[in-house]
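The values are calculated or read from the model by the stated rules, or taken from the named source; none is laboratory data. Nothing here was measured: the structure is a model prediction, and the numbers come from that model. FYI the Cβ positions are ideal-geometry reconstructions off the backbone, even for glycines, and counts take in every protein chain you see.
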């Protein structure tokens, strides 16, 4: 029973965490990449990308590279993202690159994963992508963190992550946990000596 419980918990982890993570990071086809070098040296960075409605749904994956030994805020680096086509703004959002536990120094890992944004392309043609630092209350006075480069990768036909996976995952995890607890309780009860009868 304990083994079955552990198996159900393992399946729940795969369904609830690993499967959505794989969908988010590996589904779809890369169609374009826009780089923003020396990001901390400009107040507003812009780039263009050719997108088509046939690419829908489109996901943008952001990655940041920090300067080795550079100055970073203690928790995160928020960045404002704006994507526009000929008719106006398609998305306006704030993404964050984690810096928690990583200060300046030669051993500082250089690449930090950001986040993903899903967008629906409305018109074929060039789109303008704009990035700039967003206000950060916990910046420790570091207004322009040492972000060396930000990469925006555009993924076509990236289906949204299926949220319904979470419900069966939670159910399986609960059943698995129940089976583990029950097996322990049953094993404990078998060691209790009877107070009367032949076994007393």
Self-check item: Hey, residue 42 closer than 26 Å to residue 142 by Cβ, over 18 Å from the mean Cα position of the chain (by Cα) and assigned by TED's automatic domain parsing to the domain that holds residue 141 or not
Solution: yes
Quiz item: Tally time: how many residues in segment 119-140 are surrounded by fewer than 16 Cβ atoms within 10 Å (Cβ to Cβ) and either modelled with pLDDT under 90 or under 15 Å from residue 57 (Cβ atoms) (or both)?
Solution: 4
Quiz item: What is the one condition in (1) out of contact with any helix residue (DSSP H, G or I) (no Cβ under 7 Å at 6 or more places or on another chain); (2) surrounded by fewer than 17 Cβ atoms within 10 Å (Cβ to Cβ) that residue 144 does not satisfy?
Solution: (1)
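Quick grid of which residues meet (1) exposed (fewer than 14 other Cβ atoms within 10 Å of the Cβ); (2) modelled with pLDDT of 90 or more; (3) assigned to a loop (DSSP other than H, G, I, E, B):
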residue: 77; (1), (2), (3): no, yes, no
residue: 80; (1), (2), (3): no, yes, no
residue: 84; (1), (2), (3): no, yes, no
residue: 96; (1), (2), (3): no, yes, no
residue: 109; (1), (2), (3): yes, no, yes
residue: 113; (1), (2), (3): yes, no, no
